[in-house]
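Chemist: Here's a structure for you.
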Amino acid sequence: MLNTAYRILNTACSIVFGMLIFTAGHGAKVHAHAAPLVYEPAASAVLTAMPDRVRIRFSERAEPGVSEIAVYAQNGERADDGVSVIGDSDPRSVSVGLANAGSGAFTVAWQVVSADDGHFTKGAFAFFVGAAGGQTGLPQGRVTIDHQSDGPQALAVWLELLG
């Protein structure tokens, strides 16, 4: 019984060690997803005036053409200019210009594909423009992020965390 348990443990350790060697031997750096580091304006911010732009800085470089930000007013209309821009001096920064859409709650929806590892991430947050008393529609402190990976990517991330 003890001998069988030892063989199972030894086999499991050999498999994990082999996977680590395989991952390290291919020289590919294992990346996490492009996660947002800074929101401008901040999530759940209450502002006195509409900012000129919404900017998000990510943990990885954003892929041009597929990474974008959309801003929606309370009535569901777009409040942005529809042109998401990757920063020239900071390729981890994505921004979009805003129109003066009045006051109220604004929802920022974003999606980014990492230029470093190709992973897709999306999320949303809200901010408010106007008197603090009228912010009943603002979901305080609510920020959502959705990461999507296939099985091999998830295994690679798990092995990196294990190591």
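Chemist: What are the residues in region 90-102 that are under 22 Å from residue 62 (Cα atoms) and either charged (D, E, K, R) or more than 20 Å from the chain's Cα centre (by Cα) (or both), if any?
Modeler: Correct list: 90, 92, 98.
Chemist: I'd like to verify a number: residues in region 37-58 that are touching a Lys or Arg at 6+ places or on another chain (Cβ under 7 Å) and either charged (D, E, K, R) or surrounded by 14 or more Cβ atoms within 10 Å (Cβ to Cβ) (or both), how many? Show your work before the answer.
Modeler: Residues of region 37-58 that are touching a Lys or Arg at 6+ places or on another chain (Cβ under 7 Å), as a first pass: 37-38, 40, 57-58.
Next, from what is left, pick out any that are either charged (D, E, K, R) or surrounded by 14 or more Cβ atoms within 10 Å (Cβ to Cβ) (or both): 40, 57-58.
Residues in region 37-58 being touching a Lys or Arg at 6+ places or on another chain (Cβ under 7 Å) and either charged (D, E, K, R) or surrounded by 14 or more Cβ atoms within 10 Å (Cβ to Cβ) (or both): 3 in total.
Chemist: For region 63-93, which residues satisfy the criterion of being within 27 Å of residue 104 (Cβ to Cβ), β-branched (Val, Ile, Thr) and free of Cβ contacts under 8 Å to residues at least 40 places away in the same chain?
Modeler: Answer for region 63-93, where residues must be within 27 Å of residue 104 (Cβ to Cβ), β-branched (Val, Ile, Thr) and free of Cβ contacts under 8 Å to residues at least 40 places away in the same chain: 71, 83, 85.
Chemist: Another question, if that's okay. Tally the residues that are in a strand (DSSP E or B) and within 11 Å of the chain's Cα centre (by Cα), restricting the search to region 107-124. Working first, answer last.
Modeler: Going residue by residue through region 107-124, those that are in a strand (DSSP E or B) are 107-114, 120-124.
Applying the additional criterion that residues be within 11 Å of the chain's Cα centre (by Cα) yields 109-114, 120-124.
Residues meeting the conditions: 11.
Chemist: So is residue 66 modelled with pLDDT under 95 and either on the phi < 0 side of the Ramachandran plot or not in a loop (DSSP other than H, G, I, E, B) (or both) or not?
Modeler: Details: modelled with pLDDT under 95: yes; either on the phi < 0 side of the Ramachandran plot or not in a loop (DSSP other than H, G, I, E, B) (or both): yes.
Judged against the criteria, residue 66 is a match.
The values are calculated or read from the model by the stated rules, or taken from the named source; none is laboratory data. Values in this document were obtained by computation on a predicted structure and should not be read as measured data. In this analysis, Cβ positions are derived from the backbone assuming ideal geometry, glycine residues included, and neighbour counts consider all displayed protein chains.
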